[in-house]
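To start, the structure under review is shown below, and the notes come after it.
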Amino acid sequence: MSLLTILEFPDPRLRKKAALVQTVDDALRETLDNMIETMYEAEGIGLAATQVDVHKRMLVIDVSEERNNPQIFINPEITVLDPEPLGHEEGCLSVPGFYELVSRPCKVKINALDRDGEAFEQEAEGILAVCIQHEVDHLDGKLFVDYISTLKRQRIKSKLEKEHRQHKTAASA
């Protein structure tokens, strides 16, 4: 397994809509395993393929306390079961160091394929529901910063662009 590079906002590749997975094969499973390893290394609870510049509809999540229960969702589709908004402070591996309150439906159903290409259905609420919705947004080219004010989003973008410039300058020195 190997670690993948996580794209950071405002990288335009994060806005690309992911394509449906047509075939679940060993190469795809290897990418999913690398995504899980990358998510754990970055201390995240979810990672969408778009975030690692793989534009296929797949994501990995682990919201367990022990960090030993990775879940894989290929071609996920969400149905809202309870639209009551759940406000949760969200962060993102593609927007490092920033957290904002985002409201999302508190209970959803997800239909997807597992790592073997078998269809399954799962209901989720609480942090798992938030995480699934957050990661599916990535597959559609959306980030959690799209739910906050334009002013806050611009401040975050400016700070991250400044950090990226400083890293490039330091790397070339």
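At a 10 angstrom cut-off on C-beta neighbours, averaged per residue, how do the peptides 28-37, 80-89, 129-138 rank from highest to lowest?
Numbers: 28-37: 18.1, 80-89: 13.1, 129-138: 23.5.
In descending order of packing, they fall as 129-138, 28-37, 80-89.
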What does the accessible area per residue of the chain come to in Å², with a 1.4 Å probe and no ligands, DNA or RNA counted?
-> 54 Å²
Dimensionless Rg over Rh [region 76-117; C-alpha; Kirkwood] = 1.11
Matching label, mean projected area of the Cα convex hull in nm² computed from the structure shown, candidates (1) 10.4; (2) 11.3; (3) 9.5 = (1)
Report the one residue of Val136, Ser158, Asn111 whose Cα lies farthest in the direction of the positive end of the charge dipole of region 107-173 (charges on C-beta: Lys and Arg +1, Asp and Glu -1; origin at the Cα centre).
-> Ser158
Just Ala124, Ala18, Ala27 to compare: in a GNM of the chain, with alpha carbon springs under 10 Å, which one fluctuates most?
-> Ala27
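Ordered by packing density, taken as the mean number of other Cβ atoms within 10 Å over each peptide's residues, highest first, how do 148-158, 66-76 rank? Don't jump to the answer; show the numbers that get you there.
Values: 148-158: 13.4, 66-76: 16.7.
Ranked by mean Cβ neighbours within 10 Å, highest first: 66-76, 148-158.
In whole percent, and with a 1.4 Å probe on the protein chains, what portion of the accessible area of the chain is carbon and sulfur?
On the way: 4480 of 9330 Å².
With neighbouring chains kept in place, the figure for the chain is 48 percent.
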Using a ≥ b ≥ c from the Cα gyration tensor of region 91-173 (square roots of the eigenvalues), is it rounded, prolate or oblate, where a/c under 1.5 gives rounded and otherwise the larger of a/b and b/c decides, a/b for prolate?
-> oblate
Post the alpha-carbon centroid distance, region 106-139 to region 67-81, in whole angstrom.
-> 3 Å
For the chain, what relative contact order do you get, as a whole percent, if you take Cα pairs closer than 8 Å and at least 6 residues apart?
-> 23 percent
Charged-residue dipole, Cβ positions (Lys, Arg, Asp, Glu), region 1-153 about Cα centre, Debye nearest 20 = 700 debye
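The values are calculated or read from the model by the stated rules, or taken from the named source; none is laboratory data. Everything quoted here is computed from the prediction, not taken from an experiment. Every residue, glycine among them, receives a Cβ derived from its backbone with ideal geometry; neighbour counts consider all protein chains shown. Heads up: the accessible areas ignore ligands, DNA and RNA and are worked out on the full protein's heavy atoms, side chains in. Shrake-Rupley method; radii C 1.70, N 1.55, O 1.52, S 1.80 Å.
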